[in-house]
Amino acid sequence: MDTKLDIGLKYKKEKTVTEKDTAAALGSGGVEVFSTPMMVALIENTCLEAVENKLPEGYSTVGIHLNVSHIGATKVGKKVWAEVELIDQDRKKLIFKVETFDEDKKIGEGTHERFIIDVEKFINKL
């Protein structure tokens with residue numbers, strides 16, 4: 001099984017902020033702006049998609065660590081996106097540089113770590 005990935009791999013994913021994505025809707029705050037939990041979900045999903053089709057069949061990744069700052073607010077209706085880059089791999093641990101943006105500015109930045117798993121073995125251990 002070869003799980004060596006190319007350092008420097010980049011990927012981008014975007015979405016439009018809806019009322020369901022707001023801090024008020026998720027209970028993480030009382031304001032109708034793009035929530036930190038949804039920004040984190042966008043980051044994790046972008047990193048997952050960046051590598052999922054490059055892994056052997058039956059393998060996937062799970063998030064194991066986040067170190068991100070949410071540095072800008074975004075209102076409902078604006079487009080947001082995550083840009084991720086694989087910056088290191090230590091055996092099965094992947095480390096990504098992550099940044100999020102809206103139509104006007106950078107709204108988040110940091111790093112995200114994921115671990116490559118054999119899905120069947122992972123589920124059987126639970």
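The values are calculated or read from the model by the stated rules, or taken from the named source; none is laboratory data. The structure presented is a predicted model; accordingly, all values stated were derived computationally and were not measured. Backbone-built Cβ (ideal geometry, glycine too); neighbour counts: all protein chains shown.
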- First in segment 98-126 and closer than 22 Å to ILE87 by Cα, second anywhere and at pLDDT below 95 and not aromatic (Phe, Trp, Tyr), Cβ under 6 Å, 6 or more apart: ILE116/THR3
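Results for (1) assigned to a loop (DSSP other than H, G, I, E, B); (2) touching a Pro at 6+ places or on another chain (Cβ under 9 Å); (3) closer than 20 Å to ARG114 by Cβ; (4) modelled with pLDDT of 95 or more, shown as yes or no for each residue.
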position: ASP2; (1), (2), (3), (4): yes, yes, yes, no
position: TYR11; (1), (2), (3), (4): no, no, yes, yes
position: LYS20; (1), (2), (3), (4): no, no, no, yes
position: VAL31; (1), (2), (3), (4): yes, no, no, yes
position: ILE43; (1), (2), (3), (4): no, no, yes, yes
position: LYS54; (1), (2), (3), (4): yes, no, yes, yes
position: SER69; (1), (2), (3), (4): no, no, yes, yes
position: TRP81; (1), (2), (3), (4): no, no, yes, yes
position: LEU94; (1), (2), (3), (4): no, no, yes, yes
- Message: Restricting to segment 4-18, name every residue that is surrounded by 12 or more Cβ atoms within 10 Å (Cβ to Cβ), over 13 Å from ALA50 (Cα atoms) and of a type in the set (Lys, Arg).
- Response: LYS15
- Task: Kindly establish whether GLY108 is touching a helix residue (DSSP H, G or I) at 6+ places or on another chain (Cβ under 9 Å) and either among the small types (Gly, Ala, Ser) or farther than 21 Å from THR22 by Cα (or both).
- Result: yes
- Message: Taking the conditions exactly as written (within 21 Å of PHE122 (Cα to Cα), under 12 Å from the mean Cα position of the chain (by Cα) and loosely packed, with under 15 Cβ neighbours inside 10 Å), does ILE95 satisfy them or not?
- Response: no
- So GLU49, is it of a type in the set (Asp, Glu), in a helix (DSSP H, G or I) and surrounded by 12 or more Cβ atoms within 10 Å (Cβ to Cβ): yes
- So how many residues does segment 103-115 have that are within 15 Å of THR46 (Cα to Cα) and buried (at least 19 other Cβ atoms within 10 Å of the Cβ)? 3
- With the first residue restricted to segment 15-38 and required to be free of Cβ contacts under 8 Å to residues at least 24 places away in the same chain and at negative phi, and the second required to be of a type in the set (Asp, Glu) and assigned to a loop (DSSP other than H, G, I, E, B), Cβ contacts under 6 Å at 6 or more apart or on different chains are ALA24/GLU32
- Message: If I ask for residues that are of a type in the set (A, V, I, L, M) and buried (at least 16 other Cβ atoms within 10 Å of the Cβ), which ones from segment 52-65 would you list?
- Response: LEU55
- Task: Report, by residue number, each residue of segment 73-89 that is free of Cβ contacts under 8 Å to residues at least 60 places away in the same chain and buried (at least 18 other Cβ atoms within 10 Å of the Cβ).
- Result: THR74
